[in-house]
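Engineer: Have a look at this one before I ask anything.
The values are calculated or read from the model by the stated rules, or taken from the named source; none is laboratory data. Remember, it's a predicted structure, so these values are computed and weren't measured experimentally. Don't worry about glycine lacking a Cβ; one is built from the backbone with ideal geometry, like all the others, and counts go over all protein chains shown. Heads up: the accessible areas ignore ligands, DNA and RNA and are worked out on the full protein's heavy atoms, side chains in. Shrake-Rupley method; radii C 1.70, N 1.55, O 1.52, S 1.80 Å.
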Amino acid sequence: MSNLFFYGTLRHEPLLEYVMGRSADDLLATHAVLPDHAVYSVQDQPFPMIIAEQGTQAKGVLVRGLGDTERARLAFYEGGFEYDLRAQTVITSDGEAHQALVFFSDSDAWKTGAPWDLDAWTRDWGALSMLAAEEVMTHFGKVEASAIARSFPAIRTRAWGRLAAMQRSTGDDRDTAQDVIVHHRKPAYVNYFGIDEIELQYRQYDGSMGPALHRSGLMQGSAVIVLPYDPVRDTVLLVEQFRAPVFLIDDPEPWMWEPVAGMIDPGETPEQAAHREAMEEAQISLRKLEYAGGAYSSSGSSTEYIYLYVGLADLTNTVDKGGLASEGEDIRSKILPFDDFMNMVDTHVFKDLPLLTLAHWLARSRQRLRA
């Protein structure tokens, strides 16, 4: 049996219950502190870290008597954050000292931010963290914690996209709780993308439940697509990069001309992501974003939802080494006069669907944008 001291996100009771797979009512838990330690936010991350700091106290919860299963589940979940257990002495509210295991960061790359606040984290990140934990723990006992560690940023991105999807209502009065029956659902694969398999029935137009269907979906977060346009010079900017899926299908031209594009990071709005991606991929600043609509990119196979924009900018320079090296990106850009661009659209030079969609939107809106 083990004692563990939780100082961060696992102080959030619903998350702790989900990760451990048991009710908090069954836990022997009490408030405690870890002397000479402090808890800080991790810069650019939605979780905290604990560090040694003389004269301070890290507040938390001591949970006693955890078995091997609970400890293994916790280690699997925290391993995704590159944390490891260390033995420490904590003090409970009655003044007694207890030996307990504490999760410490195993990453040298993280930098501390402001002192960590549980209530602020719960408000801003609690719902996302619950959805991310749901995906993580479905893989417990099936994949190594190291695989989850590599996939955790993508898992959080999918959770952020899932939160957005839950708000994506247009007025359809059908109720999935009544009109869809799920017999079985399981994760089949996890990496940068995930794949889920499901067996379900749904209500058909004659009112009856249809046959049981086996389906799978490529699980992704939400993305932004932005076509930079200069209304003064009447030019557009495109970026080109190698696309592995296009190569996998044996297309001889896997270098694709596209708009600027990227996934929406947890905590970002689509607009913030559009500005960030324009700078990362093409090193341009957008003066204004024109929203051209949003849609699922391939609803029969993928959960990806894309937000489409035309970004107004001064287009004078191109790049040969755009993108992030940490993500394996090698991107170049080019500027085209609008008439040349549309001629390439009409002669079927481009193979990227969002690019064609934004080209036609721009053709309809160009006169207004140039006025």
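Engineer: Taking all protein chains in place and a 1.4 Å probe, what share, in percent, of the accessible surface of the chain do carbon and sulfur account for?
Structural biologist: Accessible surface attributable to carbon and sulfur in the chain totals 49 percent.
Engineer: Tabulate in residue order the Karplus-calculated ³J(HN,Hα) for region 270-279, using 6.51 cos²θ - 1.76 cosθ + 1.60 with θ = phi - 60°, rounded to whole Hz; enter x for Gly and Pro.
Structural biologist: x, 5, 4, 5, 4, 5, 5, 5, 4, 6
Engineer: If you don't mind, there's one more thing I want to ask. Give me the Å³ per residue figure for the convex hull around the C-alpha atoms of region 249-344. Please report the intermediate quantities before stating the final value.
Structural biologist: On the way: hull volume 14.5 nm³, N = 96.
It comes to 151 Å³ per residue, whole-number rounded.
Engineer: Quick one: if you stick a label point 7 Å off each Cα along the C-beta vector at Thr138 and Ser208, how many nm between them?
Structural biologist: Between Thr138 and Ser208, the label points sit 3.1 nm apart.
Engineer: Also, quick follow-up: Given Cα pairs under 8 Å that are at least 6 residues apart, what percent is the relative contact order of the chain?
Structural biologist: Across the chain, relative contact order equals 12 percent.
Engineer: Still on this structure: Which value, in Å², gives the accessible area per residue of the chain when a 1.4 Å probe is used on the protein heavy atoms? Before the final figure, lay out each step's value.
Structural biologist: Details: 19690 Å² over 371 residues.
Here the per-residue accessible area is 53 Å².
Engineer: Please give the calculated 222 nm ellipticity per residue for the chain, where each DSSP H segment of at least 4 residues contributes -39500 (n - 2.57) and the sum is spread over every residue; nearest 500 deg cm²/dmol?
Structural biologist: Computed ellipticity for the chain at 222 nm equals -9500 deg cm²/dmol.
Engineer: Follow-up. Of all beta bridges DSSP finds with both residues in the chain, what is the antiparallel percent, to the nearest 5?
Structural biologist: Taking every DSSP beta bridge with both residues in the chain, the antiparallel ones total about 85 percent.
Engineer: Would you mind pulling out the separation of the Cα centroids of region 295-371 and region 13-82, in Å?
Structural biologist: 45
Engineer: Here's another thing I want to ask about it. Go through (1) 59, 49, 42; (2) 77, 59, 39; (3) 102, 44, 34 and flag the label whose value is the computed Cα extents along the principal axes in Å for this structure.
Structural biologist: (2)
Engineer: Taking one equal scatterer on every alpha-carbon of region 22-144, how large is log10 of I(q)/I(0) by Debye at q = 0.09, 0.18 1/Å?
Structural biologist: Summing over Cα pairs of region 22-144 leads to -0.27, -1.20.
Engineer: Now for a different question. State whether region 140-281 is rounded, prolate or oblate according to the following rule on the C-alpha gyration tensor (a ≥ b ≥ c being the square roots of its eigenvalues): a/c under 1.5 gives rounded; otherwise a/b larger than b/c gives prolate, and the remaining case gives oblate.
Structural biologist: prolate
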